[in-house]
């Protein structure tokens with residue numbers, strides 16, 4: 001691997017920062033301590049910063065050797081928040097806050113961008129400006145959306161914006177990036193079927209909402225298999241059904257909840273429309289009423305073609321072409337999608353390995369368990385810090401060292 005030597009030298013210090021963040025996880029819009037730590041390190045390294053976008057967001061500003069006079073700029077983004085879950089790891093830097101855990105590696109994302117920030121500020125081998133975006137509330141809070149609402153792209157105009165997520169199950173030393181949809185939209189539904197409660201021994205005197213709910217759930221799967229095009233991906237997952245309080249009582253109502261994931265808005269429109277028709281139609285057929293609520297959360301994450309290919313070339317220079325892989329789309333969601341709706345850019349994966357970095361994993365000790373995202377045994381692989389930081393530095397230097405074509409495809413509504 002073609003790593004930047006000074007980043008290797010500072011890796012131990014940045015690793016300590018990462019583990020400190022891991023031990024003190026903060027949930028969405030509560031990242032006060034983490035933001036303070038980020039701001040303190042940026043200030044120590046002579047990087048001007050702005051705080052408060054999206055409540056707890058931090059933006060560092062690194063001008064190049066021209067002092068930023070060229071007017072050109074690139075944005076690099078890392079997320080800072082943790083998840084509301086209990087950590088099962090027992091290593092020294094495990095979470096000190098019960099019910100909160102960095103189980104998605106945002107501590108590592110923050111550390112990699114901090115490492116890059118230190119190097120960029122110390123060397124400034126570029127003309128223009130690098131904006132370092134430390135974002136709150138990716139895990140359900142829409143922190144990217146809130147930073148944009150608060151003026152991220154108006155106060156800090158940039159030509160393109162880039163994000164990166166660690167990805168377990170790939171060999172360390174690999175990256176993955178592709179153009180087009182790489183992560184799905186995230187949406188929720190809540191359906192309330194109201195029938196007529198009564199005695200369970202006299203079902204003919206009421207309208208039982210439970211079998212109606214069962215019919216609706218089965219009907220939803222025909223939307224995926226029979227209404228949309230087979231080549232258009234979609235997932236409808238019913239994850240909760242709530243009804244009843246006693247075994248001998250037919251409940252008055254039944255709730256169905258779950259999630260819908262798609263890669264395009266056209267497929268999402270179709271799925272939402274058909275779900276509403278199925279739920280209301282089946283309910284009416286059995287004499288019940290239906291309240292259908294559908295909430296659209298994160299949009300799909302869609303990489304622009306030119307920027308994705310640019311990233312791939314940067315990766316190939318660092319780890320070799322064979323380790324700059326195509327990015328397999330995932331039905332997981334990511335609020336970096338909001339940034340890619342406003343700006344061209346790309347969201348890539350950096351391999352996190354298979355879990356052997358967690359000490360007891362390989363031997364089945366106290367920290368054994370799968371090292372997958374959102375798992376209570378997860379931990380970020382610190383070996384990635386100099387590699388991810390090298391990618392950030394080389395990407396910024398390469399982007400600001402060339403002129404992207406003015407006629408390249410841009411996201412709808414994007415302002416380059």
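Every number in this text was worked out from the coordinates using simple rules, so none of it is lab data. Note that the structure is a prediction, hence the values are computed from the model and not measured. Note: ideal-geometry Cβ built from the backbone for every residue, glycine included; neighbour counts use all protein chains shown.
If each of residue 266 and residue 20 carries a label point 7 Å out from its Cα toward its Cβ, how far apart are those two points in nm?
So the two model labels end up 5.1 nm from each other.
Sort 399, 45 so the one with the fewest other Cβ atoms within 10 Å of its own Cβ comes first.
Working: 399 25, 45 16.
Fewest-to-most ranking of 399, 45: 45, 399.
With a ≥ b ≥ c the root eigenvalues of the C-alpha gyration tensor of the stretch 258-416, is it rounded (a/c under 1.5), prolate (a/b larger than b/c) or oblate? Spell out each step's value before the answer.
Values: a/c = 3.46, a/b = 1.33, b/c = 2.61.
The shape class here is oblate.
Can you give me the distance in nm between label points at residue 276 and residue 289, each placed 7 Å from the Cα along the Cα-to-Cβ direction?
Once both label points are built, they end up 1.8 nm from each other.
Would you mind calculating the gained length between residue 255 and residue 12 on full extension (0.36 nm times residue separation, minus the Cα-Cα distance), in nm to one decimal?
82.4 nm
Once both axes come from the Cα atoms, what is the angle between helix 209-222 and the longest principal axis of the chain, in degrees from 0 to 90, rounded to 10?
50 degrees
Full-extension gain between residue 241 and residue 226, please, as 0.36 nm times their residue separation minus the C-alpha to C-alpha distance.
Stretched out fully, the residue 241 to residue 226 stretch lengthens by 3.0 nm.
Compute the Rg/Rh shape ratio of the stretch 187-296: radius of gyration over Kirkwood radius, all on alpha-carbon atoms.
1.03
Along the Cα-to-Cβ line of residue 200, 7 Å from the Cα, sits a label point; which residues in the stretch 251-289 have backbone N less than 20 Å from it?
So the set is 251-256.
To test your reading of the geometry: what angle, between 0 and 90 degrees and rounded to tens, separates the Cα axis of helix 11-23 from the longest principal axis of the chain?
It works out to around 30 degrees.
Going by how many other beta carbons lie within 10 Å of each one, how would you line up 179, 225, 237, 337, fewest first? Please list the in-between numbers first.
Details: 179 19, 225 8, 237 11, 337 25.
Going from least to most buried by this count: 225, 237, 179, 337.
Which of 79, 379, 269 ends up with the largest GNM mean-square fluctuation for the chain, with Cα atoms connected below 10 Å?
269
Just want to confirm a number: the relative contact order over the chain, from Cα pairs under 8 angstrom separated by 6+ residues, in percent.
Working: 971 pairs, mean separation 96.5, N = 416.
So the answer I get is 23 percent.
Please find the FRET efficiency linking residue 123 to residue 383, where r is the Cβ-Cβ separation and R0 is fixed at 25 Å, and quote it to the nearest 0.05.
Numbers: r = 23 Å, r/R0 = 0.92.
So, using R0 = 25 Å, E works out to roughly 0.65.
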